[in-house]
Amino acid sequence: MNNQKSITLLLLFLLSLAVRAQDDEANYITFNDRRNVVHGVYVGFSLGYGEIEGEDTYVGGFKIAYVANQQFEVGFLAKGVYSRQNIFNPRSGDNDDLLAGYAGFHLEPILFGKSAVSLSFPVFIGGGAVGYVDRDTVNNGGDVDFDDDDVDAVFVLEPGVSALFNISRFVQIEAGVKYRFSSEIELTDSPIDRINGFTSEIGIKLGIFNMGRNRYKKQLN
């Protein structure tokens, strides 16, 4: 009998605690001061292969970007391009290859960002310089020197489409195809007036793509 009384008293006590907790919870609301926006930041590295005027072209990239709600990226992107043009330079008597470097804004709308595989449409807008380098110097790892006649400024617009593979909260792999549109370049004895061309790229992003939501409780009056 004593055990039954003890169990009954314990149940009543637990029931009273539950009712009180519900009353306390009813006096609060949960809200998100970030309005449900999930923030992220990362650094990315990429390698690519393509063509300029039908010749093998290699691309390396570095970017740092902010990600809003796993739906849109904005950041800074820098790229280097080396194209094995093997163009005879009558002034030096050597065969030259094309070298370019440019940097600017990176914009990237993302579809299905919270899925294991998502689709994005990156766009690069920026500018830099393009010129010719001696192939033997590059192959031997020597210092590359440019004359004023061998370098020209270039503006680049580069749209593309990519597949994004969300490996974890901190790692993402990207693979895609981009097309480079450039302004006209004017280089002495150059048969190339633009560095337009397709590039296939693969890259890795390292950072935090989902910093989570900050939720708070506020007491009702």
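The values are calculated or read from the model by the stated rules, or taken from the named source; none is laboratory data. Note that this is a predicted model, so its numbers are computed, not measured. Neighbour counts are summed over all protein chains in view; Cβ atoms, including those assigned to glycine, are modelled from backbone coordinates with ideal geometry. Heavy atoms of the whole protein, side chains included, go into the accessibility calculation; ligands, DNA and RNA do not. Shrake-Rupley method; radii C 1.70, N 1.55, O 1.52, S 1.80 Å.
Rundown of residues vs (1) part of a loop (DSSP other than H, G, I, E, B); (2) at pLDDT 55 or above; (3) more than 30 Å from Y132 (Cα to Cα), yes/no style:
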site	(1), (2), (3)
T8	no, yes, yes
L11	no, no, yes
A18	no, no, yes
Q22	no, no, yes
V41	no, yes, yes
L47	no, yes, no
R84	no, yes, no
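If you go through the range 161-190 and keep only what is more than 30 Å from N210 (Cα to Cα) and not in a strand (DSSP E or B), you end up with S183, E184, I185, E186, L187, T188, D189, S190. Of the candidates V151, V177, V144, the single residue that is of a type in the set (A, V, I, L, M) and modelled with pLDDT of 95 or more is V177. Taking the criterion of being hydroxyl-bearing (S, T, Y) and either over 12 Å from G80 (Cα atoms) or open to solvent by 70 Å² or more (accessible area, probe 1.4 Å) (or both), the residues of the range 42-64 that qualify are Y42, Y49, Y58.
The combined condition, being surrounded by fewer than 19 Cβ atoms within 10 Å (Cβ to Cβ), aliphatic (A, V, I, L, M) and in contact with a Leu (Cβ under 7 Å, 6 or more places away or on another chain), is not fulfilled by A175.
Does I110 satisfy the criteria of being open to solvent by less than 60 Å² (accessible area, probe 1.4 Å), within 30 Å of P191 (Cβ to Cβ) and either among the acidic types (D, E) or part of a strand (DSSP E or B) (or both)? No, not satisfied.
Taking first residues from the range 77-89 that are more than 9 Å from Y58 (Cα to Cα) and partners that are surrounded by fewer than 18 Cβ atoms within 10 Å (Cβ to Cβ) and polar (S, T, N, Q), the Cβ contacts under 8 Å between residues at least 6 apart in sequence or on separate chains come to N86/N95; I87/N95; F88/N95; N89/N95.
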